[in-house]
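The values are calculated or read from the model by the stated rules, or taken from the named source; none is laboratory data. Here the structure is a predicted model, which means the values were calculated and not measured. With ideal geometry, Cβ positions are generated from the backbone for all residues, glycine too; neighbour counts draw on all protein chains shown.
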Amino acid sequence: MIIASLAFYLFSLMAMVGALNVIFQRNPVHSVLWLIFTFFNAAGLFVLLGAEFVAMILVVVYVGAVAVLFLFVVMMLDINITTMRRGFLTYLPVGALIGLVLLAELALVFGGWAVAPAADALRAAPTPNMADIPNTQALGQILYTKYAYLFEVSGIILLVAMIGAIVLTHRRRVSSRKQSIETQVARRPSDTLEVVKVQTGRGVSL
Amino acid sequence: MMNAVPDFAPAFPEIMLVLAGMVFLLFGVLRERDSMQLLTGAVIAAMLIAGVLILRQPDTGAVTFGGLFLINGFTGFAKLLTLGGAMLTLVLINNWAQTAGTARFEIPILVLFATVGMLLMISANDLIALYVGLELQSLSLYVLAAVHRSDLRATEAGVKYFVLGALASGLLLYGMSLVYGFAGTTTFAGLATATASGGNIGVLIGIVFIIAGLSFKVSAVPFHMWTPDVYEGAPTPITAFFSVAPKIAGLALFLRVLYGPFGPMLHQWQQVIVAISVLSMAWGAIAAIAQRNIKRLMAYSSIGHVGYALIGLATGTLEGARGMLFYMLIYIVMNVGTFACIMAMRVNGKAVEDISALSGLARTRPMMAAGLAALMFSMAGIPPLAGIWGKFYIFMAAVNAGLIVLAVLGVLASAIGAFYYLRVVKIMYFDEVGPVIERPNAVTGTLIAVCSVAMLAFFIVPSPLVDSAAVAAKSLFPG
């Protein structure tokens, strides 16, 4: 048990260090690298919770796809951090005020926290006994049966996101020349070639 | 684990619309020529079929997908309103795209998916279902705002809407997570049980965050700041769509969420809604006075109208819900008519948005001026036009629920608001003739005529509409 708690503190500490670095790094590329580091630590925390499937998905999806995509975007967009920070000081008081209000609210929430008396009976998805089914199966059972509707609607949301990305960015280039294999194959010599019998001294009229 | 196939029948209209949307999308992609006109017709036909399917659904209501999706008389009524608003504005959108040469077949499809999102929101019976419906709607709307991507203002509107919308979604999710932490469940039925024994500060803050997120989506003050910019920047008919369909769906969702799962905590959230309502009415009336651009004017006008509709919500009574539904019904017709007028404001083939361009319209285009005047009188709430009846039922509900101060503030705000609506009429009828506005084309002309005549003739047969709104509202109060 002591090893588990040591691992917990290690992962949480590293996750916090990583998260702070994401915010405070000057270079956005470094920020993304720290973000990846944070994801790895969060995955470690999931493993400690016994949710190994979620941990692996976190690494595969967030580190493998999302963070790398971030990295590409950050490197390609050439964001100048100094121009982005220009308004920082003017907005700082308002931002700090909102932050303080939120902090006070959070303190109130945690100070007066109570769970509804009926909550235990109402629990949406109680954890099944881990000895009976592995957590991948438990997740699948909820996702594809009970929450199939939400799963499908999320699919439609992604479809709309795809349509949106195409609508907003795709342009049909008029100037580029494309190879059209059908036209090439369909061409016959008679379309392009003309055999002319040239009489001596007359030349050819073009 | 129960693995039975859920009952698809209650969600049949939505399933049909989504499938139709995908087929239309394939058709549009595979067809070489631009097929916006054709697909607009197809989308409208699909929406009509969906409307008929909704009408044929049983009045008793049903719950399906493991309690995530609910239909009853109320959802049916709200969905028909949403579909109606979407179809009317789709006609305008197509008309604009064909004349402005910005036709793209994706536009009607995005409108279709946005509408499906709204229908799912209205039917949501669970916080997660609410959220996915809302995101489906919002994401389509962000794209629609920026669809005219060569226009700098439209892209700015799209980005602004997206960033602030994402913030609102964050607030909403934060609130939901607090509520979930309190109740241990996200289903509306479960939440109603959990809050019946009284809430605590945590769940209350959660509800306030949910209210904030939803207020953003219906552009109620103080979460309205995106509205004028987005309304001004987005293409006019798309603004018309924004001002109609999402508002109905958002307000219907507000009713469902606050009367259903959080109904037992009426006295806690009532003050919040009263505050939002008063602020929206006041700001909608005062800030509109200084506007020179008619689309910005309409943005503030719609903020004000949402404020009036929220009075109905604040009452927490059946009468209030009825008043709100009825108000929205009239609001759609008024708004579609007014936006048809704005679309008809073209001088020498170019669209103009300045209110001063309307000067002397009564002499150059008397019919259009008369139509716009009728719509403006209706918005201002001058009897006997339809607008006053919507306000009348809302204020009466507020008085009967003991919210007399709120009703008085509402009347005051509508008196201030009348000023800027009447100013438009004054500009048209008493100012010197300005630029000559072109003759409205067949589509906008017809819509202006139909909407303004509907406003004028409404008082002859008001009862069927009021009654159907009352029947719909009744299903919010089971037992």
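Being closer than 30 Å to B:L26 by Cα, out of contact with any helix residue (DSSP H, G or I) (no Cβ under 7 Å at 6 or more places or on another chain), of a type in the set (A, V, I, L, M) and in a helix (DSSP H, G or I) narrows it down to one of A:L168, A:L159, so name that one.
A:L159
So is B:I207 β-branched (V, I, T) and free of Cβ contacts under 8 Å to residues at least 12 places away in the same chain or not?
Judged against the criteria, B:I207 is not a match.
Just for the stretch A:87-97: of the residues that are aliphatic (A, V, I, L, M) and either outside any helix (DSSP H, G or I) or surrounded by 10 or more Cβ atoms within 10 Å (Cβ to Cβ) (or both), which one is farthest from the chain's Cα centre (by Cα)?
Step by step, filter the stretch A:87-97, then rank; the result is A:L97.
So, restricting to helices (runs of 4 or more DSSP H) that lie completely within the stretch B:181-251, which ones have at least 1 residues that are over 26 Å from the mean Cα position of the chain (by Cα)?
Because the criterion is at least 1 residues that are over 26 Å from the mean Cα position of the chain (by Cα), the helices (runs of 4 or more DSSP H) in the stretch B:181-251 that meet it are B:188-196, B:201-217.
Give the stretch B:71-97 a look and list any residue that's away from every other protein chain (no Cβ under 14 Å), more than 14 Å from B:G41 (Cα to Cα) and among the β-branched types (V, I, T), or say none.
B:T75, B:T82 - these are the residues of the stretch B:71-97 that are away from every other protein chain (no Cβ under 14 Å), more than 14 Å from B:G41 (Cα to Cα) and among the β-branched types (V, I, T).
Between B:F477, B:F430, B:F392, which is aromatic (F, W, Y), surrounded by fewer than 14 Cβ atoms within 10 Å (Cβ to Cβ) and modelled with pLDDT of 90 or more?
So the residue among B:F477, B:F430, B:F392 that is aromatic (F, W, Y), surrounded by fewer than 14 Cβ atoms within 10 Å (Cβ to Cβ) and modelled with pLDDT of 90 or more is B:F430.
Looking for something touching a residue at least 60 places away in the same chain (Cβ under 8 Å), within 22 Å of B:F188 (Cβ to Cβ) and assigned to a helix (DSSP H, G or I) - is there at least one such residue anywhere in the stretch B:44-63?
For the stretch B:44-63, residues touching a residue at least 60 places away in the same chain (Cβ under 8 Å), within 22 Å of B:F188 (Cβ to Cβ) and assigned to a helix (DSSP H, G or I): absent.
Name every residue in the stretch B:447-467 that is in a helix (DSSP H, G or I) and over 15 Å from B:A370 (Cβ atoms), in order of residue number.
B:F458, B:F459, B:I460, B:S463, B:P464, B:L465, B:V466, B:D467
Would you check if B:L39 is out of contact with any Leu (no Cβ under 7 Å at 6 or more places or on another chain), within 14 Å of chain A (Cβ to nearest Cβ) and in a strand (DSSP E or B)?
Criteria not met by B:L39.
Output the residues belonging to the stretch A:115-140 that are among the hydrophobic types (A, V, I, L, M, F, W, C) and more than 10 Å from chain B (Cβ to nearest Cβ).
A:M130, A:A131, A:L139 - these are the residues of the stretch A:115-140 that are among the hydrophobic types (A, V, I, L, M, F, W, C) and more than 10 Å from chain B (Cβ to nearest Cβ).
Could you tell me whether the stretch B:98-114 includes any residue that is under 14 Å from B:G250 (Cα atoms), part of a helix (DSSP H, G or I) and either basic (K, R) or within 11 Å of chain A (Cβ to nearest Cβ) (or both)?
yes
Could you list, in sequence order, the residues of the stretch B:348-388 that are surrounded by fewer than 16 Cβ atoms within 10 Å (Cβ to Cβ) and in a helix (DSSP H, G or I)?
B:S356, B:R363, B:P366, B:M367
Are any of the residues in the stretch B:193-208 buried (at least 24 other Cβ atoms within 10 Å of the Cβ), out of contact with any Phe, Trp or Tyr (no Cβ under 7 Å at 6 or more places or on another chain), more than 7 Å from chain A (Cβ to nearest Cβ) and of a type in the set (A, V, I, L, M)?
Among the residues of the stretch B:193-208, not one is buried (at least 24 other Cβ atoms within 10 Å of the Cβ), out of contact with any Phe, Trp or Tyr (no Cβ under 7 Å at 6 or more places or on another chain), more than 7 Å from chain A (Cβ to nearest Cβ) and of a type in the set (A, V, I, L, M), which makes the answer no.
Could you tell me which of the residues B:G41, B:G51 is under 24 Å from the mean Cα position of the chain (by Cα) and buried (at least 16 other Cβ atoms within 10 Å of the Cβ)?
Of B:G41, B:G51, the one residue that is under 24 Å from the mean Cα position of the chain (by Cα) and buried (at least 16 other Cβ atoms within 10 Å of the Cβ) is B:G51.
With respect to the numbered conditions (1) touching a strand residue (DSSP E or B) at 6+ places or on another chain (Cβ under 7 Å); (2) among the charged types (D, E, K, R); (3) over 30 Å from A:I142 (Cβ atoms), which one is the sole condition not fulfilled by B:E32?
Single failed check for B:E32: (1).
Please tell me if B:R149 is of a type in the set (D, E, K, R) and within 12 Å of chain A (Cβ to nearest Cβ).
yes
Determine whether B:V425 is in contact with a helix residue (DSSP H, G or I) (Cβ under 6 Å, 6 or more places away or on another chain) and without any contact (Cβ under 8 Å) to a residue 12 or more places away in the chain.
So B:V425 does not fit the description; no.
Quick check, is A:I166 within 14 Å of chain B (Cβ to nearest Cβ) and modelled with pLDDT of 95 or more?
No; evaluated as a whole, the condition is false for this residue.
Given the residues B:L90, B:L68, which is the only one that is over 19 Å from the mean Cα position of the chain (by Cα) and modelled with pLDDT of 90 or more?
B:L68
Across the stretch B:166-186, what is the total count of residues that are farther than 14 Å from A:P117 by Cβ and within 7 Å of chain A (Cβ to nearest Cβ)?
2
Could you count how many residues in the stretch B:125-146 are more than 10 Å from every other protein chain (Cβ to nearest Cβ) and assigned to a loop (DSSP other than H, G, I, E, B)?
1
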